[in-house]
Each structure stands twice: as C-alpha cells, then as structure tokens.
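To keep things clear, I will list the structure first and then write my remarks on it.
The values are calculated or read from the model by the stated rules, or taken from the named source; none is laboratory data. This one's a predicted model, so the numbers in the text were calculated from it and none came from an experiment. Every residue, glycine as well, gets a Cβ built from its backbone with ideal geometry; the counts of neighbours run over all protein chains shown. We work out accessible area using only protein heavy atoms, side chains counted, and drop any ligands, DNA or RNA first. Shrake-Rupley method; radii C 1.70, N 1.55, O 1.52, S 1.80 Å.
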Amino acid sequence: SRYPNLFTCVVDDGSTDHTWITLQTEYPWVKSVRGDGDLWWTGGTNLAIQHCLEAGCEYVLLLNPDCIVYPDTISHLVQEAERNPQTVIACVVVDAADPATIWWAGTTWEALKWFPLIWLIRYRYRRGQQVSDLPTTPFPTAETGGRGVLVPRSIFDVVGLFDEQVFRHYAADNDFGLRVHKAGYGILIEPSARVRLYAEQTGLKPAQ
C-alpha cells in the first residue's frame, strides 16, 4: 500500500505454524496479538479493533487474511471517508484468479415477495459479473464483511464492536451492518477501492 499513515495489528489466534515467530522476527513494526485458538473471527476482529482504537486510530480497516490490497486501495477508502463523514466505506472484492470479475460488490436487505415477514440478504451484483458493470460512483450496501472495510472510530463509539457472544464466527458482519444503519449511519462501496480475494483460502463454497 502507498498509504503512509498506518498502524497494523495482526491477531494470531493460536496458529500452530511459524506465523507467530515470523511476526516477531520479520515484522517487528506490526502490533502482534496472540489468542488461545478460541477467538474465532469475531473475537479476533474485536481484539484487533480494540488495539487500533487504543493506539489512537481515527479509522479501522478490516482486512481478512485471505485478501490483498492494491497500492491505492487504502487511499481511495480514506478519501471517500473524508467526503462522507461517519460512514462505513467498503471495497469491491475481486477474484484474485480473475481480477476483472466480481466476487462481492454489496448486498441488499429485503423481504421475500410472498412472505413479507421473512427478510434476506441478497447480492447486488452476481459473483463472476464483470467489474466494468459497476457504477463509477459510490453506492450503498446493506452490510459488509471483513475484506477491506473502513470504519470510523466514531461509529464504534456509538454502535459498539461486533457481537462475539451471539455471532462467534459467521453473521457478525451482517448484524453489525444492520446496527450501523439502525443508528442512522450509512455504508457505501467505493468502486475504485478493491481487494483481491484468494477464494480458495476462505473456507467457503458459496453458491454462484
């Protein structure tokens, strides 16, 4: 990343390879936090957020380990955040094997047509659709994941962290997005900000 003003925190939740030693020896400038293997996604993410906020960060960028940013990704996110204060700004997620295609580019939250009491999260754009099909200006999304999402500290101050009691590993991001909207804040996707996802590392085999 070309963005210069970064505080990096990595939570190693009890890995059994050489990750922890590598962090200490090769990346001493990274804030390394070790878990006991029982944090799961939500607990590990919350722990990293807490360290970032304690360090005085004005924004927290969520970046799962299956993603890589482009050199200008963070700059695009910060620029859009400055244009839209107190708004969560998310990346377009592209497939690392084919960066011209979308892996994730936002969702909507809507009721089923014939069952109005049942609400579902739906993709705004199909997985595999061309990135060139996206708008050139920011557009809303109902929620985000952890793949290149910039959250102002002011939103954490009001909404709180991810709910690790109810959603230990999955759906905490959906819940957080709904709480952000309920508190009166918005979530936008910045099309020029992208992360490459190594889909085979996600552990998920979602439907196309």
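Within the stretch 2-18, not a single residue is in a helix (DSSP H, G or I) and out of contact with any helix residue (DSSP H, G or I) (no Cβ under 9 Å at 6 or more places or on another chain). Within the stretch 149-169, track down each residue that is under 18 Å from Ala90 (Cβ atoms) and either touching a residue at least 60 places away in the same chain (Cβ under 8 Å) or in a strand (DSSP E or B) (or both). Once the filter is applied, which keeps residues that are under 18 Å from Ala90 (Cβ atoms) and either touching a residue at least 60 places away in the same chain (Cβ under 8 Å) or in a strand (DSSP E or B) (or both), the stretch 149-169 yields Val149, Leu150, Val151, Pro152, Arg153, Ser154, Ile155, Phe156, Leu161, Phe162. Pairing residues of the stretch 132-148 that are without any contact (Cβ under 8 Å) to a residue 60 or more places away in the chain with residues that are assigned to a strand (DSSP E or B) and among the charged types (D, E, K, R), at Cβ distances under 8 Å and at least 6 apart in sequence or on separate chains, gives Pro138/Glu190.
Starting from residues that are at pLDDT below 95 and hydrophobic (A, V, I, L, M, F, W, C), keep the ones in the stretch 184-208 and report whichever is surrounded by the fewest Cβ atoms within 10 Å (Cβ to Cβ). Applying the filter and picking the extreme gives Ala207. Do we find that Ala90 is crowded, with 19+ Cβ neighbours inside 10 Å, in contact with a strand residue (DSSP E or B) (Cβ under 6 Å, 6 or more places away or on another chain) and farther than 16 Å from Phe7 by Cβ in this structure? Yes; evaluated as a whole, the condition is true for this residue.
One residue alone among Leu77, Leu63 is among the aliphatic types (A, V, I, L, M), open to solvent by 50 Å² or more (accessible area, probe 1.4 Å) and within 27 Å of Glu200 (Cβ to Cβ), and that residue is Leu63. Among the residues making up the stretch 6-45, a single one is touching an Asp or Glu at 6+ places or on another chain (Cβ under 6 Å), among the β-branched types (Val, Ile, Thr) and either open to solvent by 90 Å² or more (accessible area, probe 1.4 Å) or free of Cβ contacts under 8 Å to residues at least 12 places away in the same chain (or both): Thr19. So is Ile102 open to solvent by less than 40 Å² (accessible area, probe 1.4 Å) and closer than 22 Å to Trp41 by Cα or not? Considered against the rule, which asks whether it is open to solvent by less than 40 Å² (accessible area, probe 1.4 Å) and closer than 22 Å to Trp41 by Cα, Ile102 comes out as no.
Residues in the stretch 118-146 that are in contact with an Asp or Glu (Cβ under 9 Å, 6 or more places away or on another chain), open to solvent by less than 80 Å² (accessible area, probe 1.4 Å) and farther than 13 Å from Leu188 by Cβ: Leu120, Ile121, Tyr125, Arg127, Gly128, Gly145, Gly146. Considering the conditions (1) at pLDDT below 95; (2) open to solvent by 30 Å² or more (accessible area, probe 1.4 Å); (3) out of contact with any Ser or Thr (no Cβ under 6 Å at 6 or more places or on another chain); (4) assigned to a loop (DSSP other than H, G, I, E, B), Trp109 is excluded by exactly one of them, (4). For Trp114, the conditions (1) closer than 22 Å to Phe162 by Cβ; (2) among the aromatic types (Phe, Trp, Tyr); (3) free of Cβ contacts under 8 Å to residues at least 12 places away in the same chain all hold with the exception of (1).
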